[in-house]
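Engineer: Handing you this structure, nothing more for now.
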Amino acid sequence: MAELFTPGDPVHEKAQHLLDSELIAWFTTVGEDGTPHAVPVWFFWHDGAVWILTRPDSVKARQVRRGSRALVHLNTQGRFGADVVVLSGSARIIDQSAAEWLITVREPWTEKYVEAIEDFGMPVDELVQQFEAVIRMEPEKLLAW
């Protein structure tokens, strides 16, 4: 979302670059009992949102469906915890399947994850069948330094 980032702010510009280039983010939701659930995920920063493919029966998908707030953070860069990027906001499962959603972003998504896809050992079309639910996390707050 444009209002999250201040144009010309070098910290915000670096945060946007990291959102575009990093392969793994930590996605955190909260269970009904208040227990946080944090997992590493492949993610795609696009149109001011974080997009995550997941199995429809995953804990994160169930918690998102229940209305859990969400937090996405990247691993810090450097030895002493520099280059922090944390986004918090709402999340939802979109109405499209991963295969349908991927039609609009297939080239950049595949380019970003080409090595990871090869390492995973499953073609993209099989990946999107297995990880068929798509989470759209809409950030409302940015913490970066």
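Engineer: Would you point out the residue of the stretch 98-115, among those that are touching a helix residue (DSSP H, G or I) at 6+ places or on another chain (Cβ under 8 Å) and more than 12 Å from TRP51 (Cβ to Cβ), that is surrounded by the most Cβ atoms within 10 Å (Cβ to Cβ)?
Structural biologist: ALA99
Engineer: Name the one entry in PHE44, PHE27 that is within 19 Å of VAL128 (Cβ to Cβ) and in contact with a His (Cβ under 9 Å, 6 or more places away or on another chain).
Structural biologist: Going through PHE44, PHE27 in turn, the sole match is PHE27.
Engineer: Oh, and also: Can you run down the residue pairs with Cβ atoms below 6 Å, 6 or more apart or on separate chains, where the first is in the stretch 114-129 and within 14 Å of PHE43 (Cα to Cα) and the partner is in a helix (DSSP H, G or I)?
Structural biologist: Taking only residues 6 or more apart or on different chains, the pairs are VAL128/ALA98; VAL128/ALA99; VAL128/LEU102.
Engineer: Looking at the structure I just gave you, is SER90 at pLDDT 95 or above, under 16 Å from the mean Cα position of the chain (by Cα), assigned to a loop (DSSP other than H, G, I, E, B) and polar (S, T, N, Q)?
Structural biologist: Taking the combined requirement at face value, the residue does not satisfy it.
Engineer: Of a type in the set (Asp, Glu), in a loop (DSSP other than H, G, I, E, B) and surrounded by fewer than 16 Cβ atoms within 10 Å (Cβ to Cβ): is that true of ASP95 in this structure?
Structural biologist: yes
Engineer: Restricting to the stretch 40-72, and then to whatever is under 17 Å from LEU127 (Cβ atoms) and of a type in the set (A, V, I, L, M, F, W, C), can you tell me which residue is surrounded by the most Cβ atoms within 10 Å (Cβ to Cβ)?
Structural biologist: ILE52
Engineer: Would you check which residues across the stretch 77-131 are touching a Lys or Arg at 6+ places or on another chain (Cβ under 9 Å) and acidic (Asp, Glu) and list them?
Structural biologist: ASP83
The values are calculated or read from the model by the stated rules, or taken from the named source; none is laboratory data. Because the structure is predicted, anything quoted here is derived from the model rather than measured. Note: ideal-geometry Cβ built from the backbone for every residue, glycine included; neighbour counts use all protein chains shown.
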